[in-house]
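Remarks on the structure that follows.
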Amino acid sequence: MAGRWIEQWEPEDDVFWRESGERVARRNLWFSVLSEHIGFSVWSLWSVMVLFMGPEYGVDPAGKFFLISTATLVGAFVRVPYTFAVALFGGRNWTVVSALSLLLPTLAAFWVMEPGTSYTTFLVVAALTGIGGGNFASSMTNINAFFPLREKGWALGLNAGGGNIGVPVVQLVGLLVIGTAGAAHPRIVLGVYVPLIVVAALGAALGMDNLRPVRNDTGAALQAVREPHTWIMSVLYIGTFGSFIGYSFAFGLVLQTQFGRTPLQAASLTFIGPLLGSVIRPVGGRLADRYGGARITLWTFAAMAAATGVVVYASGIESLAVFLVGFIALFVLTGLGNGSTFKMIPGIFHAQGVAKGLGAEEATAYGRRLSGAAMGLIGAVGALGGLAINLAFRQSFATSGAGTAAFWCFLGFYAVCFTLTWAVYLRRTEAVAAKPQLSYAECEDGRSTSYDVTGGKYRRTETVTQD
């Protein structure tokens with residue numbers, strides 16, 4: 001695919017950004033959001049299909065949880081090669097190809113979605129939908145290269161949030177089909193998405209660009225693997241995005257299995273949490289831009305632990321109303337955390353460039369280079385959190401018939417994430433303050449300049465000193 005290639009791209013140059021860069025970057029962002037949105041819808045397709053699978057399909061709740069777990073697993077692993085595909089083929093070109101590839105799992109599901117199909121066949125088709133999860137990694141890597149550091153939190157949050165909305169949208173489509181045509185017509189949902197996939201691919205072909213300066217950097221990838229911050233952020237991303245995607249896939253099944261809701265009743269509630277969590281994700285990015293990513297992330301995990309406690313309490317008293325309040329609060333908080341954690345990634349690596357004594361441009365290039373390499377790995381590991389959540393629900397329902405035990409595990413993990421965020425990025429001790437990647441100061445001609453990037457926030461202050 002020949003495509004349109006931009007030979008030079010300097011988003012940190014204020015003049016370039018104001019005169020042409022911002023307009024081009026925003027145009028690419030909107031088409032990227034559309035393609036990623038459809039990708040998320042396809043990835044989460046089986047969270048809807050299982051609501052159509054009545055007793056005539058012969059699949060028990062544990063088997064349904066395993067179907068959606070398979071889609072989550074594949075989606076996590078394909079994020080790694082999708083990250084490198086942007087530099088290899090070009091962001092525009094790969095967006096077109098990855099969008100068109102969504103036709104395969106959608107048409108396959110259309111073919112097999114009927115009673116009498118073997119469980120193995122359902123499992124294979126569910127695995128195919130995992131390629132929709134890869135669209136997130138390539139889209140985020142591409143958009144990360146388009147925007148300057150000061151706007152990455154907003155841009156990445158909007159890109160990811162617009163993509164995440166694909167989850168509640170496909171669930172809303174499922175609700176409309178169940179409410180009008182009935183639970184015996186899952187193919188209508190699939191038929192809706194075939195033309196939308198074509199529209200997304202066509203929009204990417206006509207409206208997006210490839211960046212020539214973006215290149216696969218094996219050295220950066222290896223350096224990102226060796227970097228402790230990559231793995232720390234992966235754990236935090238498991239707690240935020242992993243929770244979002246895991247809960248999104250499982251919410252409807254939990255309502256059906258634990259509270260005895262019908263497919264229509266479950267579908268009428270399932271979309272609310274993912275919708276709110278998706279819409280608020282850019283807000284998490286904006287708050288991180290202003291106050292620091294780690295500060296927002298820290299208190300998000302504290303609130304997630306509290307909301308999980310509400311869900312555990314509701315499960316004990318068997319109150320659907322209290323359960324919904326707690327669960328929907330969890331969705332909102334995962335959205336905030338999604339935005340703040342992804343803002344932290346470029347900030348952390350940019351700070352390391354500053355700490356190494358690099359100039360402004362060199363530090364920016366260093367941060368973009370490592371953050372681009374790390375995002376795919378962090379996104380893949382984070383998505384595995386969704387797999388863990390679905391498997392935890394499967395085991396909890398198989399042993400006790402309720403999800404309470406799984407929620408206790410999630411609460412403990414959020415406490416671990418809270419502690420990790422505080423200890424690594426916010427703790428005020430001499431040992432941490434001495435670390436050059438967190439802060440440093442330089443003096444020249446009586447002027448003291450300090451760089452404080454605690455919490456993923458970059459702040460420059462100048463103080464004139466007297467002899």
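The values are calculated or read from the model by the stated rules, or taken from the named source; none is laboratory data. Bear in mind that the values here come from a model prediction, so they are computed numbers and not experimental data. Note: ideal-geometry Cβ built from the backbone for every residue, glycine included; neighbour counts use all protein chains shown. The accessibility values were calculated without ligands, DNA or RNA, using every heavy atom of the protein model including side chains. Shrake-Rupley method; radii C 1.70, N 1.55, O 1.52, S 1.80 Å.
Structure values in brief
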| item | result |
| --- | --- |
| P(r) tail fraction, segment 302-433 - alpha-carbon pairs more than 28 Å apart, % | 34 |
| Semi-axes of the equivalent ellipsoid for segment 248-326, Cα gyration tensor, largest first, Å | 28, 16, 7 |
| Sites Val199 and Trp111, calculated FRET efficiency, Cβ-Cβ separation with R0 25 Å, nearest 0.05 | 0.70 |
| Sequence-distant residues sharing a close amide H with Asn210 (under 5 Å, placed H) | Arg4, Trp5, Ile6, Arg92 |
| For segment 1-72, diffusion coefficient by Stokes-Einstein and Kirkwood Rh (Cα), 37 °C, 0.692 mPa s, µm²/s | 204 |
| Share of carbon and sulfur in the accessible heavy-atom surface of the chain [1.4 Å probe, %] | 65 |
| Relative intensity, log₁₀ I(q)/I(0), of segment 156-196 from a Debye sum that treats every alpha carbon as a point, q = 0.19, 0.29 Å⁻¹ | -0.59, -0.95 |
| Dimensions (Å) - segment 214-270, Cα atoms, principal axes, largest first | 53, 24, 12 |
| Cα-Cα separations in segment 1-158 greater than 23 Å, expressed as whole percent | 45 |
| Computed log₁₀ I(q)/I(0) - Debye formula, equal Cα scatterers, no solvent, segment 231-367, q 0.10, 0.16, 0.17, 0.22 Å⁻¹ | -0.40, -0.81, -0.88, -1.23 |
| Calculated P(r) of the chain - Cα pairs past 28 Å, % | 49 |
| 222 nm mean residue ellipticity, helices alone, for the chain (DSSP H n ≥ 4; -39,500 (n - 2.57); rounded to 500) | -24500 deg cm²/dmol |
| Square roots of five times the Cα gyration tensor eigenvalues for segment 111-230, Å | 35, 19, 14 |
| Separation in nanometres of the label points that stand 7 Å from Cα toward Cβ, at Val15 and Leu100 | 4.1 |
| Cα-derived Rg over Rh, computed across segment 368-430 with Rh taken as Kirkwood radius | 1.14 |
| For Ile165, solvent-accessible area (1.4 Å; no DNA, RNA or ligand), Å² | 40 |
| Size descriptor, Kirkwood hydrodynamic radius, that averages inverse alpha-carbon separations across segment 143-291, Å | 18.3 |
| Karplus 3J(HN,Hα) series, Hz, for segment 148-162 with 6.51 cos²θ - 1.76 cosθ + 1.60 (x for Gly, Pro) | x, 4, 5, 10, 5, x, 5, 5, 5, x, 5, 4, 5, x, x |
| Between segment 297-342 and segment 12-53, the Cα center-to-center distance that results, in Å | 26 |
